[in-house]
There are 2 protein chains.
Amino acid sequence: MAHREPSGPTVVTGGAGAIGSVLVGRLLADGEEVRVVDNLSSGRREHLPTHPKLSVVVGDLTDPPSFEAALEGAGTVWHLAANPDVRLGIEQPRIDLDRGTIATFHLLEAARRHDVRRVRFSSSSVVYGHPRTFPTPEEYGPLLPESQYGAAKLACEALMSAYAHDYGLTVHLFRFANIVGPAMTHGILFDLFEKLRQDPSRLEVLGDGRQAKSYLRAEECVAGMQFAAARTAETVNVFNLGAIDRISVREIAEKVVAAHGGRARIDFTGGERGWVGDVPQQLLAIEKIRRLGWTPELTSARAVDRTIEEMVESRRVRP
Amino acid sequence: MAHREPSGPTVVTGGAGAIGSVLVGRLLADGEEVRVVDNLSSGRREHLPTHPKLSVVVGDLTDPPSFEAALEGAGTVWHLAANPDVRLGIEQPRIDLDRGTIATFHLLEAARRHDVRRVRFSSSSVVYGHPRTFPTPEEYGPLLPESQYGAAKLACEALMSAYAHDYGLTVHLFRFANIVGPAMTHGILFDLFEKLRQDPSRLEVLGDGRQAKSYLRAEECVAGMQFAAARTAETVNVFNLGAIDRISVREIAEKVVAAHGGRARIDFTGGERGWVGDVPQQLLAIEKIRRLGWTPELTSARAVDRTIEEMVESRRVRP
């Protein structure tokens, strides 16, 4: 029942990143011609295969001439490029405005000029701020993000919606839970293993450990996006994407310590939040995509387990 | 029961505009020291009185050095500056990003540097897009604006929320219905009278005339903001501000024609919307501010009537 994707190359911004590279692999496997636009600030060229139908433009969305040609003739843009680290915005408030909101504006302007018809966007659960409803549905309001990262994600959603209505695009807004996978260059698993590498005897964990969030594997995230995008075509389509449950930071820390040989002592810095702007509780309602027929296979704990296993196997960590 | 406003001058961006100048008058009447920041692009110096406690900085929020000094020692900022014309964004998609989102970012950065504790923002009903619920409450979601203007208002709300949480500000977000008053330099009444001035025999009205929205007088809008701001102090406080009812574009056109001598023929251009990005139906739920103890005195029809009377009396129109 999936709609046939019309022809024309598919552009993936942030395509060399931990989620983008998984998407690129799936699009190539589906036979599509793929153009990656990535400034390689956190993405890595080695995340991408060499493939006759793949081209990589090292361009920056804040500099339209550097990427604009990639949109020529494109039918669909998946917009995944962003500053990936929520915490950076506290010290550098401009980074999410520049790499999120303004970058997205330039991308949408280019999409309009090149008559791209479909844009799909990696938004985030952080647009909900600190919601009073768990699991949090797509209709939740008011949307009061608590970080510059979250503000930029909501600003990008708003721009996408305006462009869809004013210029005839179809947009999909995917609000991600925490996404985990082997290619991550940031995030809790990356951070905890990095800390243990520096001091194998002690693991400092931000907050009181009771922060609890839902974790979804990058490949499930990509599968969910593709599933929903192929089956919905409203002017604006909003979907939460997360696991069916959540896991606490304490449990994650214990899993990481166990995978690292079990010797480290865990010290919590205390406080409800891991950092200023942290959202300590997150559980997304995923009934909307489940009603379409897609449910993630892994619980949050299993998504974390698998990622830890991969990080150990790939020798990025030494147990 | 109102909180006493702490000392320190009060800054009003867009203070020379149709709403800002009314606010400035009330703040001066309350004995406050007021600093207006306005680039006079749509505001007018003659909207403001000469007053020993009023200073006017002709500055632009997109150019921080031009206004930053006005925030020195300020306790409260009312941020009303914006591109006032929703329709401009269709042809000039960058105008609301620049004068809305980026300008607001610069203002918030300056507020943070100068340790301003309170920021109040003129948001808009257009953040709701085309809602399915009328009257629309503050908790409505998802927020999918249909114009660049609306996208910028939502982006500004998101920035305000992030700054409030991350840097300890208290912010108020006021989502306005259509605001009318004698000093307007845009909007439906201004437009319709301008059309009749050019051709007194015929009044072209955009859309099918069935668009229906709530209209609030500028002085009631200002009174409502002051009332709510003095009584609420959450980190982020969101309030709708509108009349208790709505009025159709057809009724407004008939009132304008009657005030102009009753001779013009009304021609509707047709279609559900007045223009691309227009929100044809708007009625805000105002129970939240009513529960605090404030209700607008005028219906939408009376707010429109009074404004038409003033426009006729001030000879801005010739019946």
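Sorted from shortest to longest, the distances between the residue B:132 label points of this copy and the other copies are 2.2 nm, with each point 7 Å from Cα along the line through the beta carbon.
Normalised Debye scattering of segment A:188-288 at q = 0.14, 0.20, 0.24 Å⁻¹ gives log10 I(q)/I(0) of -0.65, -1.00, -1.22, counting only Cα atoms as equal scatterers and leaving out solvent. With a 10 Å cut-off around each Cβ of B:104-114, the average count of Cβ atoms from other chains is 2. Rounded to the nearest Å, what's the spacing between the alpha carbon centres of segment B:73-93 and segment A:11-29? Just the number, please. Segment B:73-93 and segment A:11-29 have Cα centres separated by 38 Å.
In this structure, the amide hydrogen of residue A:170, modeled 1.01 Å from its nitrogen in the peptide plane, lies closer than 5 angstrom to those of A:118, A:119, counting only residues at least 5 positions away or on a different chain. For segment B:1-94, trypsin sites (Lys or Arg not before Pro) are listed when DSSP marks them as loop and at most 10 other Cβ atoms sit within 10 Å of their Cβ; the list is B:4. Against chain A, whose longest principal axis is taken from its Cα atoms, helix A:249-259 shows a tilt of about 80°.
Applying the Karplus relation 6.51 cos²θ - 1.76 cosθ + 1.60 with θ = phi - 60° to segment A:175-184 yields 3J(HN,Hα) values of 9, 7, 6, 5, 9, 10, x, x, 8, 5 Hz, where x marks Gly and Pro. In segment B:213-319, Cα pairs under 8 Å separated by at least six residues give a relative contact order of 45 percent.
Kindly give Rg over Rh for segment A:253-302, based on alpha-carbon atoms, with the Kirkwood expression for the hydrodynamic radius. Working shown, then result.
Working: Rg = 16.3 Å, Rh = 14.5 Å.
My calculation of the ratio gives 1.13.
A point 7 Å from Cα along Cα→Cβ stands in for residue A:85, and the other copies hold the same point at 4.4 nm, listed in rising order. Once the Cα atoms are used to define both axes, helix A:218-231 deviates from the longest principal axis of chain A by about 30 degrees. Averaged over peptide A:91-102, the number of partner chain Cβ atoms lying within 10 Å of each residue's Cβ comes to 3.
Our note on the geometry: Cα centres of segment A:140-184 and segment A:253-294, 21 Å apart.
Considering only alpha-carbon pairs that sit under 8 angstrom and 6 or more positions apart, the relative contact order computed for segment B:20-154 is 22 percent. Between B:242, B:15, B:293, the Gaussian network model of chain B with springs among Cα atoms under 10 angstrom shows the greatest mean-square fluctuation at B:293. Near the amide H of residue A:129, within less than 5 Å, lie the amide hydrogens of A:144, A:146, all on another chain or at least 5 residues away, with H placed in the peptide plane. By other beta-carbon atoms within 10 Å, ranking B:252, A:102 with the fewest at the front produces A:102, B:252.
Within the listed set A:76, A:269, A:13, the Gaussian network model of chain A (springs between alpha-carbon atoms below 10 Å) gives the highest mean-square fluctuation for A:269. As a length-normalised measure over Cα pairs under 8 Å and 6 or more apart, the relative contact order of chain A settles at 18 percent.
Would you mind checking the tilt of helix A:188-198 against the longest principal axis of the Cα atoms of chain A, expressed as 0 to 90 degrees and rounded to 10? Orientation of helix A:188-198: about 50 degrees from the principal axis.
For trypsin sites (Lys or Arg not before Pro), the sites in segment B:238-290 that DSSP calls loop and that have at most 14 other Cβ atoms within 10 Å are B:263. Take each residue in A:161-173, count the other chain C-beta atoms within 10 Å of its C-beta, and the mean is 5. Listed values for segment B:10-27 are Karplus-derived 3J(HN,Hα) couplings in whole Hz (6.51 cos²θ - 1.76 cosθ + 1.60, θ = phi - 60°), namely 10, 9, 10, 7, x, x, 8, x, 5, 8, x, 5, 5, 4, 4, x, 5, 5, and x replaces Gly and Pro. Sorted from closest to farthest, the other copies place their residue A:231 label points 4.8 nm away, with each point set 7 Å from Cα along Cα→Cβ. For chain A, a Gaussian network of Cα nodes joined below 10 Å ranks A:134, A:227, A:239 by mean-square fluctuation, and the top entry is A:134.
Bear in mind these aren't lab numbers, they're just calculated from the coordinates by the rules spelled out. Because the structure is a prediction, the values reported are computed rather than measured. All Cβ positions, even for glycine, are placed from backbone atoms using ideal geometry, and neighbour counts span all protein chains on display.
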